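K.L.:
One structure coming up, written as structure tokens, with questions to follow.
Just so it is clear, none of the values below were taken in a lab; they were calculated from the coordinates. Values in this document were obtained by computation on a predicted structure and should not be read as measured data. So basically every Cβ, Gly included, is an ideal-geometry build from the backbone, and we count neighbours across all protein chains shown.
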């Protein structure tokens, strides 16, 4: 059994453990994503090279574990700084009922995202927005996601204009997440739950509700400096 095939089986096993069923159609879509990513990776850096052989766990499973945290009645999702499509495109496959929007400032990565979405044969093609998160028109989605993008306080400032009134945010956070949360809570009131990651014992999934800026300052007008995306080797 090849390493990649073994990774796929582990992906399916881990999702069964958290009571997530993956249809054959969804598996085929994720296989197509991996194939396109491998081809584009030769031209632009989408993920860390050392993670490619373990892509089913390091990237696909790491993204897919968010699926059971999304309410069944959610209608829309926006993925901030989509990069290689994790978690945005994976969740588009796992939840084909969602209207998914991907925001990416790098035109080359946006071209990749467009091609991989088409090759996956998704029932609903995601909307692609090319631009800086803080500069593009508000999306107002029910779910806001981001992975390996920026510190939590910065993520909240970026997420604020793109969420609906009842939105939840789902953020991957790695080792040191407690200190990052404590730092963010100096500026924000953050109702949250933490869920252990199935891919990294030091990481968590943060599920954040109606967060608000503390005091009178309205951080929605803040123009933060954009940070580059990095591979999820730990935040």
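K.L.:
Just to be sure I understand: of the beta bridges DSSP finds with both ends in the stretch 3-221, what percent are antiparallel, rounded to 5?
P.N.:
Numbers: 12 of 29 bridges.
Just about 40 percent of them are antiparallel.
K.L.:
Applying 1/(1 + (r/R0)^6) with R0 = 22 Å to the Cβ-Cβ distance of residue 41 and residue 16, what FRET efficiency is obtained, to the nearest 0.05? Before the final figure, lay out each step's value.
P.N.:
Working: r = 29 Å, r/R0 = 1.31.
Efficiency, from the Cβ-Cβ distance: 0.15.
K.L.:
What is the distance, in nm, between label points placed 7 Å from the Cα along the Cα-to-Cβ direction at residue 53 and at residue 73?
P.N.:
Placing both labels 7 Å along Cα→Cβ, they lie 4.8 nm apart.
K.L.:
Okay, moving on. With N set to the number of residues, divide the alpha-carbon radius of gyration of the stretch 25-71 by 2.2 N^0.38 Å and report two decimals. Mind showing how you got there, number by number?
P.N.:
Working: Rg = 11.8 Å, N = 47, 2.2 N^0.38 = 9.5 Å.
Normalised Rg, Cα atoms only: 1.24.
K.L.:
Which of 32, 64, 111 ends up with the largest GNM mean-square fluctuation for the chain, with Cα atoms connected below 10 Å?
P.N.:
Highest fluctuation of the listed residues: 111.
K.L.:
Given 20 °C and 1.002 mPa s, compute D for the stretch 1-82 with the Stokes-Einstein relation, Rh being the Kirkwood radius over Cα pairs; round to the nearest whole µm²/s.
P.N.:
153
K.L.:
Looking only at 184, 43, 167, which one moves most when the chain is put into a Gaussian network model with springs between Cα atoms under 10 Å?
P.N.:
Largest GNM mean-square fluctuation: 43.
K.L.:
Taking the chain as a Gaussian network, Cα atoms linked when under 10 Å apart, which of 20, 78, 90 shows the biggest mean-square fluctuation?
P.N.:
Checking each option, the largest mean-square fluctuation is seen for 20.
K.L.:
Further, regarding this structure: Would you mind calculating the relative contact order of the chain from Cα pairs under 8 angstrom and at least 6 residues apart, reporting the percent as a whole number?
P.N.:
Working: 410 pairs, mean separation 42.7, N = 235.
Once divided by the residue count of the chain, the mean separation gives 18 percent.
K.L.:
A follow-up question, please. Suppose the chain between residue 28 and residue 194 were pulled fully straight at 0.36 nm per residue; how much longer would it get relative to their current alpha carbon spacing?
P.N.:
56.7 nm is the gain from fully extending residue 28 to residue 194.
K.L.:
Using only the C-alpha atoms of the chain, find the volume of their convex hull and express it per residue in Å³.
P.N.:
Values: hull volume 26.6 nm³, N = 235.
Convex hull volume per residue, Cα atoms: 113 Å³.
K.L.:
Roughly what angle does helix 107-120 make with the longest principal axis of the chain, taking Cα atoms, 0 to 90 degrees, to the nearest 10?
P.N.:
50
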